[in-house]
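Engineer: Pasting in a structure now, in structure tokens, and then I'll have a few things to ask.
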Amino acid sequence: MRRILVVGDLNIGDAVNLQVAVVALRRFFPDARIDYVINRHAEPLIQGNPNISLLLPVFSGSPVPDEGDIKALRDIVGMGEYDAVFNFCPFFDASIFSGVAGVPPVIGPDAMVFMLLYGDHDTNGINSILYQADHFIYSLLSELTGLKRKMPFRGTTVHLSDDALEDAKEFLLHEGISHGVPILTYNPDTTSTFTRVPMNYQADLLKRILGSGVGAVVLMGAGHVEQGIEQTLLDLLPPGTGERIHIIPASMPLDRYVALIDLSDVYITGDTGPLHLASALKASKSGRSVFRNRTAIFSMFGATSSRIYGYDSGREGYLPSYQDAPAKVYVSRSPCRNITCVNKRAKTCRKVRCFDYLDTEQIAGDVTDYLKRGTRFRVQNPESKVQRESGRGDAGKPFKMVRRHFF
């Protein structure tokens, strides 16, 4: 194949994660033109990936494709003279190309979705969406071509500009946050009520962390889906607590927000796109900036599968994050969770019971323990050091999945 189109999913997190499919295709077709269609808001994070021939940031970011998304994709396929289309968006099927001249074979997402659903019951293997996308491409093309080009799994990378890093540092200075103070970035929002941690649990978690004596400051993201959630949460905290919380405005550009995460010691979130941005390796577009890649990731799961979407460096069956720091998932107690909950947009539950119980005491204890003793427990990722020094997202040794029991 000489010309290949990869269609990412509509949201930002999957656009970042599904770069692994481009990398997998590049192993089989090193000289091919491989174009990648994504959510336009993800462009500053993916532009610079050397495996992508042409980045096409056309999707609007709507939860489901709008007319503009469909027209843009039809035009790209109609004019691209592609030999194959690898479509990872479940909202698109072959029928959307009806009437488009010269449509090549379209490989849809059904097989990979089946792999994820089946893998969620097989606790012996890794079932992350990143890992399965890579495995899907390798299995399919090995069968079709007879070639065996398996390489160690490298995970995914976001590419950031020098300005993004400098602006993130400037934000910390503007907020009066001193060098050396532990920084915890907290994301209270997600795209769905079925993944958004209830406010009582969020308030209790922050009270425990801020009352632990670790001296951390909290950078709290403003709500994008649940607008005003940050103020609602502040109102639930004891008087005086808010003095150590700094709000990240919703207007902050996404690449600056990701650079700010890289400057943080800890990132806490539910299951949502920023979880994947925090977990990804940070690389410099210019090669001049040095990113820390040392942010510990703590994520809380309700409806969705933590094995498909989460990162945990201490549990078998999970991918670690691509940071020189631990990652840990916390799965809430729910009486009705099942594999259909993966499609949170289709859920119609009258009463949300995805978070019947969440152990905030354990989460807060793990976070504060890391902030007190974290430097002793760094996961040394051999690839990330090479990548930070070279500024290349695909440089150096293969990522080594290091397992450590931190807690």
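Engineer: In this structure, does Arg337 turn out to be within 21 Å of Gly119 (Cα to Cα) and either of a type in the set (A, V, I, L, M, F, W, C) or part of a loop (DSSP other than H, G, I, E, B) (or both)?
Structural biologist: yes
Engineer: Pick from Ala164, Ala203, Ala222: which is crowded, with 22+ Cβ neighbours inside 10 Å and in contact with a helix residue (DSSP H, G or I) (Cβ under 7 Å, 6 or more places away or on another chain)?
Structural biologist: Ala164 is the lone residue from the list that is crowded, with 22+ Cβ neighbours inside 10 Å and in contact with a helix residue (DSSP H, G or I) (Cβ under 7 Å, 6 or more places away or on another chain).
Engineer: Filter segment 225-236 for residues that are of a type outside the set (D, E, K, R) and buried (at least 18 other Cβ atoms within 10 Å of the Cβ); which is nearest to Ala303 (Cα to Cα)?
Structural biologist: Out of the qualifying residues, it is Ile229.
Engineer: Let me ask something else about it. Report, by residue number, each residue of segment 71-92 that is in contact (Cβ under 8 Å) with a residue 60 or more places away in the chain and out of contact with any Lys or Arg (no Cβ under 9 Å at 6 or more places or on another chain).
Structural biologist: Leu73, Ile76, Val77, Val85, Phe86, Asn87, Phe88, Cys89, Pro90, Phe91, Phe92
Engineer: Look through Asp9, Asp31 and report the one residue that is touching a helix residue (DSSP H, G or I) at 6+ places or on another chain (Cβ under 8 Å) and either under 17 Å from Asp75 (Cβ atoms) or of a type in the set (Asp, Glu) (or both). Steps first, please.
Structural biologist: On the way: Asp31 fails: touching a helix residue (DSSP H, G or I) at 6+ places or on another chain (Cβ under 8 Å).
Result of the check over Asp9, Asp31: Asp9.
Engineer: Right, another one. Please specify each residue of segment 204-259 satisfying the condition of being under 19 Å from the mean Cα position of the chain (by Cα) and assigned to a loop (DSSP other than H, G, I, E, B).
Structural biologist: Ala222, Gly223, His224, Val225, Ala250, Met252, Pro253
Engineer: Right, another one. Filtering segment 172-182 down to residues that are hydrophobic (A, V, I, L, M, F, W, C) and in contact with a His (Cβ under 9 Å, 6 or more places away or on another chain), which residue is modelled with the highest pLDDT? Before you say what the answer is, go through the steps one by one.
Structural biologist: Start the filter on segment 172-182 by keeping residues that are hydrophobic (A, V, I, L, M, F, W, C), which leaves 172-173, 177, 181.
The next check asks that each one be in contact with a His (Cβ under 9 Å, 6 or more places away or on another chain); those that pass are 172, 177.
Working: Leu172: 96, Ile177: 93.
Among those that are hydrophobic (A, V, I, L, M, F, W, C) and in contact with a His (Cβ under 9 Å, 6 or more places away or on another chain), it is Leu172.
Engineer: Still on this model: Just one of Leu210, Leu275, Leu260 is over 24 Å from Gly302 (Cβ atoms) and either in contact with a helix residue (DSSP H, G or I) (Cβ under 9 Å, 6 or more places away or on another chain) or among the polar types (S, T, N, Q) (or both); which is it?
Structural biologist: None of the others qualify; the one that does is Leu260.
Engineer: Please verify whether segment 53-70 includes one or more residues that are closer than 30 Å to Arg149 by Cα and either touching a residue at least 24 places away in the same chain (Cβ under 8 Å) or part of a helix (DSSP H, G or I) (or both).
Structural biologist: There is no residue in segment 53-70 that is closer than 30 Å to Arg149 by Cα and either touching a residue at least 24 places away in the same chain (Cβ under 8 Å) or part of a helix (DSSP H, G or I) (or both).
Engineer: In contact (Cβ under 8 Å) with a residue 12 or more places away in the chain, in a loop (DSSP other than H, G, I, E, B), within 21 Å of Gly365 (Cα to Cα) and polar (S, T, N, Q): does that describe Ser192? Give the derivation first.
Structural biologist: Values: in contact (Cβ under 8 Å) with a residue 12 or more places away in the chain: yes; in a loop (DSSP other than H, G, I, E, B): yes; within 21 Å of Gly365 (Cα to Cα): no; polar (S, T, N, Q): yes.
Taking the combined requirement at face value, the residue does not satisfy it.
Engineer: Within the group Ala111, Ala15, which residue is under 26 Å from the mean Cα position of the chain (by Cα), under 20 Å from Leu130 (Cα atoms) and modelled with pLDDT under 90?
Structural biologist: Of Ala111, Ala15, the one residue that is under 26 Å from the mean Cα position of the chain (by Cα), under 20 Å from Leu130 (Cα atoms) and modelled with pLDDT under 90 is Ala111.
Engineer: Being of a type in the set (Val, Ile, Thr) and touching a strand residue (DSSP E or B) at 6+ places or on another chain (Cβ under 7 Å) is true for just one of Ile70, Ile12. Which residue is that?
Structural biologist: Result of the check over Ile70, Ile12: Ile12.
Engineer: Go through the residues of segment 95-110 one by one and say whether even a single one is in contact (Cβ under 8 Å) with a residue 40 or more places away in the chain, surrounded by 13 or more Cβ atoms within 10 Å (Cβ to Cβ), among the aliphatic types (A, V, I, L, M) and in a strand (DSSP E or B).
Structural biologist: no
Engineer: Next question, about the same structure. Picking from Ile183, Ile209, which residue would you name as being surrounded by 18 or more Cβ atoms within 10 Å (Cβ to Cβ) and over 21 Å from Leu277 (Cβ atoms)?
Structural biologist: Ile209
The values are calculated or read from the model by the stated rules, or taken from the named source; none is laboratory data. Because the structure is predicted, anything quoted here is derived from the model rather than measured. Don't worry about glycine lacking a Cβ; one is built from the backbone with ideal geometry, like all the others, and counts go over all protein chains shown.
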